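Notes follow once the structure below has been shown.
The values are calculated or read from the model by the stated rules, or taken from the named source; none is laboratory data. Note that the structure is a prediction, hence the values are computed from the model and not measured. In this analysis, Cβ positions are derived from the backbone assuming ideal geometry, glycine residues included, and neighbour counts consider all displayed protein chains.
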Amino acid sequence: MLATLGSLLVAVFFFVLYKTVKGRKKIHWIIPVVLLFLATTSLAVSPPAIWAMSKIGDGVSGLGFSAAGSAALTIVILLVVLVLDLRDKKPDGGAKFALIMIPLLAIIASGPVGDAMRNVNGGVARMGDNVISTVTGE
């Protein structure tokens, strides 16, 4: 629950910061990328995201493909797209799409790619829980 709340707060902060003209000129280009990554990795461990991605995985399996293998292959392709798109230090549509989909696809991916991404998702979610519990004193 705290991970979902944390992802929503980071997403709101990301959009407020990125949509203001003054903020866009003053912030470094990596800040929106990091905030979007934090928001989507926190969202990836929430129950609604897990439910939605399991339904997508069921749909892919229904087509006759391996959902876990397809997700792992898509993650690798999206990582390449992300690196190539961030070379110009301007996160365009491809980088944003990759930052949103990679943590979500990790829910259904298997193998070393899926394990690595699930470890990242869990670490970010625990980081958010720790920060919120430290601030609230619980």
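Which number in (1) surrounded by 19 or more Cβ atoms within 10 Å (Cβ to Cβ); (2) modelled with pLDDT of 75 or more; (3) assigned to a helix (DSSP H, G or I) marks the one condition that I50 misses?
(1)
Of these, K26, K55, K89, which one is modelled with pLDDT of 85 or more and among the basic types (K, R)?
So the residue among K26, K55, K89 that is modelled with pLDDT of 85 or more and among the basic types (K, R) is K55.
Within region 53-80, how many residues are part of a helix (DSSP H, G or I) and either touching a strand residue (DSSP E or B) at 6+ places or on another chain (Cβ under 9 Å) or of a type in the set (A, V, I, L, M) (or both)?
Total meeting the criteria: 14.
Any residue in region 11-22 that's assigned to a helix (DSSP H, G or I): show its pairings with residues that are surrounded by 11 or more Cβ atoms within 10 Å (Cβ to Cβ) and at pLDDT below 70 at Cβ separation under 6 Å, as long as the two are six or more apart or on different chains.
L17/G23
I'd like to verify a number: residues in region 99-112 that are buried (at least 17 other Cβ atoms within 10 Å of the Cβ) and farther than 21 Å from G59 by Cα, how many?
Selection size over region 99-112: 1.
I need the full set of residues from region 81-108 which are closer than 21 Å to S54 by Cβ and not in a helix (DSSP H, G or I), in order please.
If the condition is that a residue be closer than 21 Å to S54 by Cβ and not in a helix (DSSP H, G or I), then A106, I107, I108 are the ones that fit.
Looking for whichever is under 21 Å from K55 (Cα atoms) and modelled with pLDDT under 85 here; the options are V135, V120, V113, V131. Which one fits?
V113
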